[in-house]
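Accompanying notes for the structure given below.
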Amino acid sequence: MSFTRLRPLLIGLSVLLTLVFVVWTVWRNEQTIANGRDAFVELRPVDPLSLVQGYYMALNMQVDLPPREGLGIADPRAVFTLDDRGVATASRWLDLGEDGEQGRGGAQADLSPAEVILRVGEAGRRLSVMPDSFLFEDGQAETYEGARYGHFRVLADGRSVLIGLTDGDLQPLVPIKRRIEAAASTVR
């Protein structure tokens, strides 16, 4: 069979695999939002605009941990302690397992009920909770100038989704989509 005859089949298979990956990623994030617990990470001063990427905020979230060699780990994570309002403060790096990978299963047992795991990455010369940017619609920059916390939904294994930004009283700057609130209330 020649490549010319296989070409439509390969293109169709590529499109199908891409669609399956996109649907799986969306489903996984929806599950994190529906089943995760709230964690708020304090923001430091932010950069409100990039002309190259459109309207977004480069978030600089509080991660006051000592530097760590080997931060080049594919998915570095840290343990954050939640206060009674759900505000997260970095407390320690997640220990590396025997195989050199950061533990996920065993590390969960070592967490107290007031602790969560969040991904941390290097953003320039600083450490920040990931993702470290927040996209918003054109003309909404003033709405987000009062942002003081990143609002995450976090699962026990450290998977998290940034669902919005809040003010100093942890009130959303923009109402969270009803679909997310409905999904969370039906699961609990």
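The values are calculated or read from the model by the stated rules, or taken from the named source; none is laboratory data. Just so it is clear, the model here is predicted, and its values are computed rather than measured. Accessible surface areas use protein heavy atoms only, side chains included; no ligands, DNA or RNA. Shrake-Rupley method; radii C 1.70, N 1.55, O 1.52, S 1.80 Å.
Numbers below:
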{"quantity": "Ranked order, T89, T32 - accessible area, probe 1.4 Å, largest first", "calculated": "T89, T32"}
{"quantity": "Order of exposure, largest accessible area first, which applies to R77, R7 with probe 1.4 Å", "calculated": "R7, R77"}
